[in-house]
Amino acid sequence: MLNNLTGLRFYAAFWVFLYHFFPVYTTIPKIVFFEIGYLGVDVFFILSGFILTYVYYDKFFVNKISLRDYYGFIIKRFAKIYPLHFIITLIFIPLLFVGKYIFHQETLNVYPDTLVNNFLLIHAWSTTDHYSWNFPSWSISAEWFAYVFLFVPLALVYRKSRVLFLSISILVILLFLWKWFQIPNFTVDRYTMNGLPRIIPEFFIGIMIGVVRKKITIARLQASVFFGFSLLFLFAVFSFNYYPQQLCVFGFSGVILALSYKTFFDFLFCSKKMIYLGNISYAFYLTQFLSLIIFEQIFRVIFPGDADQLYIDMIKFLLAFCLNLFFASISYRYLEEPLRLKIINKTQKRIK
């Protein structure tokens with residue numbers, strides 16, 4: 001039912017890849033779409049709240065929540081995000097030291113004092129003021145906060161009073177948006193080391209549209225029109241530069257809600273290839289920094305001198321993308337999915 005959103009996950013991860021790659025590794029003139037690719041993370045945050053609500057609506061929002069249910073939910077989320085994060089962080093310990101002090105990659109930074117925070121997945125909870133180790137994992141830290149402290153409590157509020165749920169959700173979203181509107185030249189990318197002010201309102205939005213999706217069914221034509229309108233809204237706010245960083249979350253929400261139904265655009269999102277790419281999107285995102293570090297060394301060997309021509313930039317892009325895709329595929333097949341299933345199976349036996 002949510003196959004379109006599986007494909008959307010890869011598009012979001014790929015958008016972040018474009019942001020990490022083009023402004024740093026090419027001489028291509030400024031392209032706004034690439035430079036705001038960090039917004040792919042915001043798509044993930046809204047999508048996360050939406051999908052969890054859609055999947056757990058009956059168990060958490062309708063029925064009484066038991067400690068066993070909550071424990072099972074936390075274990076499943078932990079099993080999904082933590083093993084690969086842990087392994088890649090371990091890889092980065094020798095990799096960063098070698099890269100910085102042997103290969104003299106000046107862009108690399110080593111912060112041993114933040115290692116424990118990274119392993120505990122709290123490094124985006126205002127516990128550090130700089131990027132550290134596998135820096136894309138800051139968003140995973142923010143997601144972990146939402147899983148533990150936001151999702152189930154909000155579901156409990158919904159069960160107690162839908163009016164209270166709606167009031168709290170709208171109030172939280174408006175408060176954060178109001179703060180965003182007060183900041184000159186605001187970009188959501190300012191919230192990275194402290195990712196909580198970024199994920200909290202977006203996760204709330206995702207939960208709200210998840211509830212809407214469970215309550216309302218629309219036809220394929222209506223969903224397609226709504227999808228097109230959402231894209232048009234995003235194009236408009238960015239083209240006219242009308243508070244795009246603040247308002248884009250509503251455009252993203254519209255895209256997600258529309259694609260949760262059948263649309264005339266499904267072929268772009270739920271083909272077999274897109275489903276596979278969506279499944280490996282978490283690994284694709286989490287291995288981006290690793291891929292780019294290795295890409296730099298490979299490219300130095302292939303082109304030891306200065307190479308600023310356009311065709312060289314395209315070769316760089318293809319090499320880096322294929323490398324990232326390779327690491328993502330390997331990580332998903334041999335690490336992420338087997339370890340996720342192993343953890344879930346072991347804990348389910350204990351619960352029984």
All but one of (1) assigned to a loop (DSSP other than H, G, I, E, B); (2) surrounded by fewer than 19 Cβ atoms within 10 Å (Cβ to Cβ) hold for residue 233, so report the exception by its number. (1)
Quick check, is residue 14 in contact with a Pro (Cβ under 8 Å, 6 or more places away or on another chain) and surrounded by fewer than 21 Cβ atoms within 10 Å (Cβ to Cβ)? no
How many of the residues in segment 126-154 are over 19 Å from the mean Cα position of the chain (by Cα), free of Cβ contacts under 8 Å to residues at least 60 places away in the same chain and part of a helix (DSSP H, G or I)? 2
Check whether at least one residue in segment 204-219 is in contact with a Ser or Thr (Cβ under 9 Å, 6 or more places away or on another chain), of a type in the set (D, E, K, R) and part of a helix (DSSP H, G or I), and report yes or no. yes
Residue within segment 297-308 that is surrounded by 15 or more Cβ atoms within 10 Å (Cβ to Cβ), in a helix (DSSP H, G or I) and modelled with pLDDT under 95 present: yes
State whether one or more residues within segment 259-270 are in contact with a Phe, Trp or Tyr (Cβ under 8 Å, 6 or more places away or on another chain), under 22 Å from residue 171 (Cβ atoms) and assigned to a helix (DSSP H, G or I). no
Residue count, segment 83-105 (criterion: under 18 Å from residue 124 (Cβ atoms) and touching a residue at least 60 places away in the same chain (Cβ under 8 Å)): 4
Scanning segment 238-254 for residues that are among the hydrophobic types (A, V, I, L, M, F, W, C), over 15 Å from residue 41 (Cβ atoms) and outside any loop (DSSP other than H, G, I, E, B) gives 238, 247, 250
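Which members of segment 27-39 meet the condition of being assigned to a loop (DSSP other than H, G, I, E, B) and buried (at least 18 other Cβ atoms within 10 Å of the Cβ)?
First, the residues of segment 27-39 that are assigned to a loop (DSSP other than H, G, I, E, B): 27-31, 36.
If the condition is that a residue be assigned to a loop (DSSP other than H, G, I, E, B) and buried (at least 18 other Cβ atoms within 10 Å of the Cβ), then 36 is the only one that fits.
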Taking segment 155-184 and the residues there that are among the polar types (S, T, N, Q) and under 21 Å from residue 210 (Cβ atoms), the one that is nearest to the chain's Cα centre (by Cα) would be 169
Taking segment 189-209 and the residues there that are crowded, with 22+ Cβ neighbours inside 10 Å and in contact with an Asp or Glu (Cβ under 9 Å, 6 or more places away or on another chain), the one that is nearest to residue 139 (Cα to Cα) would be 195
Conditions first: (1) at pLDDT below 95; (2) among the acidic types (Asp, Glu); (3) under 26 Å from residue 120 (Cα atoms). Residue 35 passes all but one, so which condition is the exception? (3)
Just one listed residue, out of 87, 75, 51, 91, is part of a helix (DSSP H, G or I), closer than 29 Å to residue 315 by Cα and out of contact with any Phe, Trp or Tyr (no Cβ under 8 Å at 6 or more places or on another chain), and it is 91
Filtering segment 210-226 down to residues that are buried (at least 19 other Cβ atoms within 10 Å of the Cβ) and β-branched (Val, Ile, Thr) yields 211
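The values are calculated or read from the model by the stated rules, or taken from the named source; none is laboratory data. The shown structure was predicted, so the numbers you read here are calculated from the model rather than taken from an experiment. FYI the Cβ positions are ideal-geometry reconstructions off the backbone, even for glycines, and counts take in every protein chain you see.
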